[in-house]
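These notes concern the structure reproduced below.
The values are calculated or read from the model by the stated rules, or taken from the named source; none is laboratory data. None of the values given here were measured: they were computed from a predicted structure. Cβ sites come from the backbone with ideal geometry, for glycine too, and all protein chains shown count toward neighbours. Remember, those area values only see protein heavy atoms, side chains included, never the ligands or the DNA or RNA. Shrake-Rupley method; radii C 1.70, N 1.55, O 1.52, S 1.80 Å.
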Amino acid sequence: GVFSVVSLTVSAGDARQIITDFDSGFDVESGVEADIFIQISDSRGNLAPAELVTTNLNETVGEFVPSIAGRGYWTFTGNVSGQYSLTFYQDDAQHTIPLTVLPGQAVQIFGEIENRDYKQGDIALLRVYGVDINNNKVAVEPENTTISCTSGPDSFITSDTWELDLSKSG
C-alpha cells in the first residue's frame, strides 16, 4: 500500500478573551520601558500570543508598541505619572487592568523658599523636589540629599522641607 503523511497546523481564531499576568496591576516607571506578555483565547479555548492589540490610552500618558522580545510581548513606556485603567482590545475581546505610572529618576532638582525679605537671624523654610525626564514631580530622599547654605546651618524637618538658619547676612 501507499501511505502519506499530512501535516496540519491549527491557529487560534478571533480573540474572545485577553489574558495577562498583570490583572492586579501593571506598575511602570516614567521614561523606562516595561514589557507585558498578552495572550488571546478563542471561542474553543485555544491560546495564542496577542499580536494585534490596541489600547484606550492617550499617547501623552504613554506609548504602547510591540516588543522586540517576541510574539505576544508588548512594550509600554510611561510618560505622565498617575493611576489609570489600561484596556486592551483585540477582535471582540477587551480586558482592563490597573496601570500605575510612577515618577522616574530625578534629572533636575529645584529648591523653593517663600518670597519675602529675610533678615539676619531669621529662619527660612526650603522645599526641595526633583523632576524626571517627563517633568513629573519626584520626591527627594532626605537620606540622599545634602543642603548647603552659606548664610548659616540647615536642618531637615520633614519629607521635602529643610530649615535654614540665616545667621550671616550678605
Inset, instruction - Out of R116, R127, report the one residue that is farther than 30 Å from Q39 by Cβ, part of a strand (DSSP E or B) and of a type in the set (K, R). - result: R127
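Across region 86-106, which residue is surrounded by the most Cβ atoms within 10 Å (Cβ to Cβ) among those that are within 13 Å of the chain's Cα centre (by Cα) and over 12 Å from E29 (Cα atoms)?
L86
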Inset, instruction - For region 19-78, enumerate the residues that are of a type in the set (V, I, T), open to solvent by less than 70 Å² (accessible area, probe 1.4 Å) and closer than 16 Å to Y89 by Cα. - result: I19, T20, I36, I38, I40, V53, T55, V65, T75
Inset, instruction - Would you check if F110 is closer than 22 Å to I157 by Cβ, at pLDDT 90 or above and not hydroxyl-bearing (S, T, Y)? - result: yes
Inset, instruction - Within region 34-56, work out how many residues are touching a residue at least 40 places away in the same chain (Cβ under 8 Å) and among the β-branched types (V, I, T). - result: 3
Inset, instruction - Within region 108-155, work out how many residues are farther than 30 Å from G31 by Cα and among the aromatic types (F, W, Y). - result: 1
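Results for (1) in contact with a Phe, Trp or Tyr (Cβ under 6 Å, 6 or more places away or on another chain); (2) under 19 Å from N79 (Cβ atoms); (3) β-branched (V, I, T), shown as yes or no for each residue.
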{"residue": "Q94", "(1), (2), (3)": "no, no, no"}
{"residue": "L99", "(1), (2), (3)": "yes, yes, no"}
{"residue": "V107", "(1), (2), (3)": "no, yes, yes"}
{"residue": "I113", "(1), (2), (3)": "no, no, yes"}
{"residue": "E143", "(1), (2), (3)": "no, no, no"}
{"residue": "I157", "(1), (2), (3)": "no, no, yes"}
{"residue": "T161", "(1), (2), (3)": "no, no, yes"}
Inset, instruction - Give region 124-148 a look and list any residue that's among the aliphatic types (A, V, I, L, M) and open to solvent by 80 Å² or more (accessible area, probe 1.4 Å), or say none. - result: I133, A139
